Amino acid sequence: MTPAAFAVASTRRDTADTWTLELEPRRGPALEFAPGQFTMLSAGGGGEVPISISGDPATAARLVHTVRAVGLATQAICAAQPGEVLSVRGPFGNAWPVDEIAGADVVVVTGGIGLAPLRPAILALLRDRERYGRLQLLYGGRSPDQLLYEPELAQWPARGMEVAVTVDSAGPEWIGHVGVVTRLIGRAEIDGPRTVALLCGPEVMMRFAAAALAARGVGAERTYVSMERNMQCGIGHCGHCQLGPTLICRDGPVYRWSELEGWLGIREL
Ligand SMILES: Cc1cc2nc3c(=O)[nH]c(=O)nc-3n(C[C@H](O)[C@H](O)[C@H](O)COP(=O)(O)OP(=O)(O)OC[C@H]3O[C@@H](n4cnc5c(N)ncnc54)[C@H](O)[C@@H]3O)c2cc1C
């Protein structure tokens, strides 16, 4: 529960409301983490919130977080300047199954800020590219100016990951796909029984994506999702993030869709 002090080493504005911060420990070693894990982060004495680690697990000297400013705590984090000290607890939670799925085709489906929790998994897949079959990223944003990590989206195909991007709406200068990200699933070449899916985004997006993947033969037990719920302790004590029989901070945030779909069908659970 004891927070560690991390200093802001650099900040980058990704979109109108989203920043990427690189943090360095004030003392002690860098934070080792697995792709999919999160920290409990707080700036300026504001509230503490769960934020996924978005950096490369193989080069963890700096702790990287990509944060969308939606309320008081995230606004304080996004406003932090180089040199400012943030409080960090963690890393917490389980990981995307990047080792378990060696040999499979992998399709990553994500929307908006959901690409941040998946970036460490994508970097891990690309680092060991030869261990996997076909790699595809299907990424949706609200508009072209809301897309994250655009320079990397352009580089990943050369490293062996096919990338398809769609936006909900765009002006005439946009020559890519327009429409929700689940439509890309219908267009993609997917060999269902060989494929594992990794999903992160708004819950409604994940529900439609899981259904579209099931229609392409990717079963719910081969579809993994990262769940978001309000969290306070991060270590399974307070119960804020309970979903049915599971505490997301302790048992998640990554689950097989087959473990959750029944619970998510229950209104207001
Ligand atoms: C495991 C996990 C990983 C996360 N990773 C990231 C990340 O990498 N980057 C990032 O920007 N955000 C991430 N979030 C969401 C982030 O924790 C919330 O945006 C944050 O708690 C909002 O706090 P606030 O005080 O700024 O806003 P609040 O005032 O608490 O809320 C502002 C708005 O955001 C909504 N909201 C609050 N908490 C959540 C939540 N947990 N999930 C969805 N909506 C929420 C509220 O309903 C409200 O509409 C993650 C959440 C979890 C559980």
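Each value in this text was obtained by applying a stated rule to the coordinates, not by laboratory testing. Bear in mind the structure is a predicted one, so any value in this text is a computation, not a measurement. Note that we place each Cβ from the backbone using ideal geometry, even for glycine, and neighbour counts take in every protein chain shown.
Side notes on the structure shown:
- Here E203 and R26 are evaluated by their C-beta separation; at R0 = 25 Å the FRET efficiency comes out at 0.10.
- This model, with +1 at the C-beta of Lys and Arg and -1 at the C-beta of Asp and Glu, gives region 95-144 a dipole about its Cα centre of some 240 debye.
- Residue ranges 167-175, 190-198 sort as 190-198, 167-175 when ordered by packing (mean number of other C-beta atoms within 10 Å per residue, highest first).
- In this structure, the amide hydrogen of D14, modeled 1.01 Å from its nitrogen in the peptide plane, lies closer than 5 angstrom to those of W19, T20, counting only residues at least 5 positions away or on a different chain.
- Each of the peptides 18-24, 134-140 was scored by the mean count of other Cβ atoms within 10 Å over its residues; in descending order, highest first, they stand as 134-140, 18-24.
- For region 85-134, the alpha carbon positions stretch 41, 23, 17 Å along the principal axes, listed from largest to smallest.
- Pairwise centroid distance, computed over Cα atoms, of region 61-137 with region 14-59, Å: 10 Å
- Contact order, relative form, for region 143-215: 23 percent (alpha carbon pairs under 8 Å, 6 or more residues apart, mean separation divided by residue count).
- Each peptide in 109-121, 29-41 was scored by the mean count of other Cβ atoms within 10 Å over its residues; highest first, the order is 109-121, 29-41.
- Inter-label distance, nm, simple model (7 Å from Cα along the C-beta direction), M1/R194: 5.1 nm
- Phi-derived couplings, Karplus 6.51 cos²θ - 1.76 cosθ + 1.60 at θ = phi - 60°, listed residue by residue for region 192-207: x, x, 8, 9, 10, 10, 10, 10, 8, x, x, 4, 5, 4, 5, 5 Hz, with x used for Gly and Pro.
- Label zone at Q242, where the point sits 7 Å out along the Cα-to-Cβ direction: region 23-41 residues whose backbone N lies under 20 Å: none
- Three semi-axes of the equivalent ellipsoid, region 149-269, Cα gyration tensor, whole Å, largest first: 29, 18, 15
- Relative contact order (percent, whole number), region 215-269, Cα cutoff 8 Å, 6+ residue spacing: 41 percent
- For region 24-38, the Karplus equation 6.51 cos²θ - 1.76 cosθ + 1.60, evaluated at θ = phi - 60°, returns couplings of 10, x, 5, 8, x, x, 5, 8, 6, 8, 10, x, x, 6, 10 Hz by residue, with Gly and Pro reported as x.
- The tail of the calculated P(r) for region 1-138 beyond 27 Å holds 21 percent of all Cα-Cα pairs.
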